[in-house]
């Protein structure tokens, strides 16, 4: 297999991008990152390697970062990355470059795709069908461009000129250092299922870190299992029952219209 596309996706945006890219690249394979995380070393014989993932906390998701650290890239002649996001600045590509440098590699190309917001906290408003359709159209046009860059093995480190949700640059620089603290203290004890829960088990099914366990037909967020903060449990709950205390109770939800709960769970 000449091209391998590794992806991580909590609510479907990155899954959809990876799947559409794979359709465009002949002799390519789509591989979920989550089911490889328990390996000490991850082998590949591909010449072209790609990573597709969402931006979390203005940075690369920890599962993706840990995966790249374990990945043996000796066979790789071309490495690319695609990040999906709401529109915030980020340090993901810088994070990846630091890891690749230790392996004697570098990112040959990287791209950012703005997509629908899947973070249901604070003053969140779920995107309308019209808004989603418009974003999907833009993504398809961009993928037509991206796949040509990749198959021709061109260098393309595009400048980020499409920031729609700015945050202080200092915060972006600090996040890689403070994120372990945020993840440890953050929202880990504030997840719960409200009275709308019907015990269907969808949250457990889509939980990529396997933190959720159904006990007596109710979800329990196990304290000894780290959360990936992918928000799959919140956004795929058919009853909108899963909540983050004081953050999501009055808000809507979003999952990509072409990514099912089975697609997300299949990563495991």
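The values are calculated or read from the model by the stated rules, or taken from the named source; none is laboratory data. For clarity, every value in this text was computed on a predicted model and none was experimentally measured. Neighbour counts are summed over all protein chains in view; Cβ atoms, including those assigned to glycine, are modelled from backbone coordinates with ideal geometry.
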Yes or no: the range 225-244 includes at least one residue that is in a loop (DSSP other than H, G, I, E, B), more than 23 Å from residue 33 (Cβ to Cβ) and modelled with pLDDT under 95. no
Among the listed residues 36, 71, identify the single one that is touching a strand residue (DSSP E or B) at 6+ places or on another chain (Cβ under 8 Å) and surrounded by fewer than 20 Cβ atoms within 10 Å (Cβ to Cβ). 36
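Residues are listed down the side, and each one gets a yes or a no for (1) assigned to a helix (DSSP H, G or I); (2) crowded, with 16+ Cβ neighbours inside 10 Å; (3) touching a helix residue (DSSP H, G or I) at 6+ places or on another chain (Cβ under 8 Å):
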site: 4; (1), (2), (3): no, yes, no
site: 11; (1), (2), (3): no, yes, yes
site: 18; (1), (2), (3): yes, yes, no
site: 22; (1), (2), (3): yes, yes, no
site: 52; (1), (2), (3): no, yes, yes
site: 66; (1), (2), (3): yes, no, no
Is at least one residue of the range 77-88 touching a residue at least 40 places away in the same chain (Cβ under 8 Å), in contact with a strand residue (DSSP E or B) (Cβ under 9 Å, 6 or more places away or on another chain) and on the phi > 0 side of the Ramachandran plot? yes
Looking only at the range 192-208, how many residues end up being in a loop (DSSP other than H, G, I, E, B) and either without any contact (Cβ under 8 Å) to a residue 40 or more places away in the chain or over 26 Å from residue 35 (Cβ atoms) (or both)? 9
Only one of (1) in contact with a strand residue (DSSP E or B) (Cβ under 7 Å, 6 or more places away or on another chain); (2) modelled with pLDDT under 95 does not apply to residue 188, and that is (1)
Would it be correct to say that residue 76 is out of contact with any helix residue (DSSP H, G or I) (no Cβ under 6 Å at 6 or more places or on another chain) and either at pLDDT below 95 or not in a helix (DSSP H, G or I) (or both)? yes
